[in-house]
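Student: Take a look at the following structure, please.
Bear in mind that the values in this text are calculations on the coordinates, not laboratory data. Given the structure is predicted, the values throughout are model-derived calculations rather than measurements. Counting neighbours? That spans all protein chains shown, and the Cβs are built from the backbone with ideal geometry, glycine included.
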Amino acid sequence: MDLLPLFFKVKQKTALLVGNGVSATRKCELLLRSGMAVYALDFETDLEHELFAHALKAGQLTLLDKAVNLNAVEARIWSKLFVCVAASETDADNMELVRLAKHHNVPCNVLSREDLSDFLFPAIIDRSPIIAAVSSGGELPIISRLLRSKIETTLPHKYGRLAQISSSLKANVSERINNSNARRRFWESQLEGRFADLVFTGDESAAQKVFLEALDKQSSKASFSGEVYLVGAGPGDPDLLTFKALRLMRQADVVLYDRLISPQILSLVRQDAELINVGKERSKHTLPQESINELLAKLAKQGRRVLRLKGGDPFIFGRGGEEIETLAQHGVPFQVVPGITAAAGCGAYAGIPLTHRDYSQSVRFITGHLKTDSAELPWQDFVQNNQTLVFYMGLMGLERIAKALMEHGMSKEMPVALVSKGTTRDQKVVTGNLETIYAVCRASEIKAPTIIIVGEVVKLRDKLAWDQ
């Protein structure tokens, strides 16, 4: 992250704007609307516009004489400045302002020159007191504008009024509900429920009545209960999360996550949620599974909303069933949110359909985490025509898997694909056949997590690969 978004209180602070034209006019409007006093040099615009006329009359906008150069300005107002904006059509004037700003330690923005700017103006969504801002880091401002438009459509114009009314009721909630987790849940229920709807429709008296009735009911409850959300995070691409997964991720008070959960997905959980890494690697467990099961129950019994975030789908080699068994034994309520399992996600992103009318009418998901070299798996059942095999966690046992399939009658020419870190920008796919795949794997230095796809459908990758 190259930029840190901050919201400064700038009312009654002072800015210097140098330049003219449409861009300078818009920046001056923004500075004035934020409550800043503006000194403007070489500023030409419609001064009869209501905003500028009022600012001039109130002394909020001061026009400097065109004859005044930047060096003359220095002695008069540099000590007052909070920021300055270079919007001149002449590069030399802009560079001179940058030089003086650095000399006086005043942050400077140069329009359309992020490389020279100390700060950038974002695209702003104003629902005062709610303010949202979007920036592309100056790389492509049109992206910021497009994102602003998308956000605009999702935020009703009365969101600011909702914030004002809610703020006026904040003391009532703090007085009636002592527990912070309970307060958070109450606010979430109101801001996403009937109370908010009534504010948006303009019926504020009815909204306050609904709010206070809900508060009476909530504060009369003797206790509050926790819950566990068992959520499948998919194979890696954050865009593959479900809407329900995202909603619960943003509600959770504490998050227990596996090592396969990417930083991009973790960044989507609520910012103040407690994060606990319970990730497991081969022969290296941060927490034993039994301890994870008990910790989920313990945290929920404390009244917390607990997110158990698992890669792929929690019920496909994810031991999610064991976790909710423990929760059921403890009487802890839970929800399960399926995720896209690695076989489906990695196969799709590698251009390998797991079933196909001409090649495969069935697919089997198999754990490749072999505990012994002999691996007590029903190998004979795997050697069938028109079938696709997908081995999870099988990279370490790849040589044994290939040999076992050939020993039980599968052709050594059977196509095999290895998909490493599937659906992510680091995805890597290598192909071969049962006889060659181990050597191919060693030569490519492919890394876990990797799934193994065995079957005639692998031949289709040459035609269908799209995410390369």
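Student: Taking amide H positions as placed in the peptide plane 1.01 Å from N, state which residues far from M36 in sequence (5 or more) or on other chains have amide H under 5 Å from it.
Tutor: The list, which skips near neighbours in sequence, is Q12.
Student: Straight-line reach from K421: which lysines fall under 16 Å, measuring Cα to Cα and dropping same-chain residues less than 8 apart?
Tutor: K310, K447
Student: What is the projected area of the convex hull of the Cα atoms of segment 159-219, averaged over all directions, in nm²?
Tutor: Values: hull surface 14.2 nm².
Average of the hull's projected areas for segment 159-219 equals 3.5 nm².
Student: List the residues of segment 1-33 whose backbone N lies under 11 Å from a point placed 7 Å from the Cα of R76 along the Cα-to-Cβ direction.
Tutor: Once the point is set 7 Å along Cα→Cβ of R76, nothing inside segment 1-33 turns out to lie under 11 Å by backbone N.
Student: Follow-up question, since we're still on this one. I want to check the label-to-label distance for E294 and N386. Put each point 7 Å from Cα in the C-beta direction and report it in nm to one decimal.
Tutor: Label at E294, label at N386, 5.1 nm between them.
Student: So what is the diffusion coefficient of segment 65-120 in µm² per second by Stokes-Einstein at 25 °C and 0.890 mPa s, using a Kirkwood Rh over Cα pairs? List each step's numbers first, then the result.
Tutor: Numbers: Rh = 11.4 Å.
Rounded, D is 214 µm²/s.
Student: Under a point spin-label approximation (7 Å from Cα along Cα-to-Cβ), what is the L63-H49 distance to one decimal in nm?
Tutor: Here the answer is 1.4 nm between the modelled labels.
Student: I want to check the label-to-label distance for S174 and S219. Put each point 7 Å from Cα in the C-beta direction and report it in nm to one decimal.
Tutor: Here the answer is 1.4 nm between the modelled labels.
Student: Reachable lysines from K170, Cα under 21 Å, same-chain residues fewer than 8 places away excluded?
Tutor: Within the straight-line cut-off, K170 pairs with K158, K209, K217, K221.
Student: Which label marks the calculated value of volume of the Cα convex hull per residue in Å³, given the options (i) 208; (ii) 135; (iii) 219?
Tutor: After the calculation, the listed value that fits is (iii).
Student: Grab the other residues whose beta carbon is less than 15 angstrom from that of S180, score K and R as +1, D and E as -1, and report the net.
Tutor: Values: positive: K170, R176, R183, R184, R185, R270, R304, R305; negative: E175, E188, D253, D272, E274.
Once positives and negatives cancel, what remains is +3.
Student: For segment 361-369, just list the computed ³J(HN,Hα) in residue order, Karplus coefficients 6.51, -1.76 and 1.60, θ = phi - 60°, integers in Hz, with x standing in for Gly and Pro.
Tutor: 9, 8, 9, 10, 9, 10, 6, x, 7
Student: What FRET efficiency would be calculated for the residue pair M396, K244, taking the C-beta separation as r and a Förster radius of 60 Å, to the nearest 0.05? Spell out each step's value before the answer.
Tutor: Working: r = 34 Å, r/R0 = 0.57.
Efficiency, from the Cβ-Cβ distance: 0.95.
Student: Which lysines have a Cα less than 21 Å from the Cα of K102, not counting those fewer than 8 places away in the same chain?
Tutor: Result set, ordered by chain and number: K13, K27, K80.
Student: So, with +1 on the Cβ of K and R and -1 on the Cβ of D and E, and no other charges, what is the size of the charge dipole of the chain about its Cα centre, to the nearest 20 debye? Intermediate results must be reported in sequence, preceding the final value.
Tutor: Details: 57 positive and 54 negative charges, 235 e Å.
Computed about the Cα centre, the dipole is about 1120 debye.
Student: Tell me the mean residue ellipticity at 222 nm calculated for the chain from its helices only (DSSP H runs of n ≥ 4, each -39500 (n - 2.57), averaged over every residue, nearest 500). Mind showing how you got there, number by number?
Tutor: Details: 18 runs with 179 residues, N = 468.
The helix-only estimate for the chain comes to -11000 deg cm²/dmol at 222 nm.
Student: Calculate how large, on average over all directions, the projected area of the Cα convex hull of segment 319-468 is; give the answer in nm² to one decimal.
Tutor: Details: hull surface 41.8 nm².
So the mean shadow area of the Cα hull is 10.5 nm².
Student: Multiply the residue gap between V22 and T153 by 0.36 nm, knock off their C-alpha separation, and tell me the result in nm, one decimal place.
Tutor: On the way: separation 131, 0.36 × 131 = 47.16 nm, distance 2.60 nm.
Extending this stretch completely gives an extra 44.6 nm.
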